[in-house]
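Peer 1: Structure incoming, see below.
The values are calculated or read from the model by the stated rules, or taken from the named source; none is laboratory data. Note that the coordinates shown come from a computational prediction; the quantities given were computed from them, not determined experimentally. Calculation scope for accessible area: heavy atoms of the full protein, side chains included, ligands and nucleic acids excluded. Shrake-Rupley method; radii C 1.70, N 1.55, O 1.52, S 1.80 Å.
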Amino acid sequence: MYEDAQAPTERRIADLIAQMTIDEKVGTMLHASLPSGDPVGATGSRYDMAAVRRMIVSRHVNSAIARLSVGPRDLATQNNEIQRIAAGTHLGIPVTISTDPRNHFQAVLGASTHGGGFSL
């Protein structure tokens, strides 16, 4: 029912919440950094997809920040892979992916990382 775009919003929400486990509900309240080759996830050109999969499938996190330093096409390709992982979970809830502006006036780990053509 929750995936039926024609159903009333309130009924869709109630249906989705009723199907969620406690761990899935907790996961929706978290906002993580998408893991990359960098231990703190602040730089890099590739997500660590094994770690991303654990974050989404095992920890149920479905909101995260991207900190990669890559061009728009590569970022979109990798983000699409993340959405394919999310689509294969119990309820198929997409991951909300955010990023900070990459033209910050001061050096802040992850926030002022050069975007490689993205968000400059």
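Peer 1: Ignoring ligands and nucleic acids, what accessible area does Leu16 show with a 1.4 Å probe (Å², nearest 10)?
Peer 2: Leu16 exposes around 40 Å² with every protein chain in place.
Peer 1: In addition: Protein chains only, probe 1.4 Å: how do Tyr47, Tyr2 rank by accessible area, largest first?
Peer 2: Of Tyr47, Tyr2, the descending order of accessible area is Tyr2, Tyr47.
Peer 1: Just by accessible area at a 1.4 angstrom probe, what is the order of Met20, Met1 from largest to smallest?
Peer 2: Accessible-area ranking of Met20, Met1, largest first: Met1, Met20.
Peer 1: How much space per residue, in cubic angstrom, does the convex hull of the C-alpha atoms of segment 1-98 take up?
Peer 2: 101 Å³
Peer 1: Starting from the amide H of Ser36, placed 1.01 Å from N in the peptide plane, find each other amide H under 5 Å away whose residue is 5 or more places distant or on another chain.
Peer 2: Answer set, sorted by chain and number: Gly41, Asp48.
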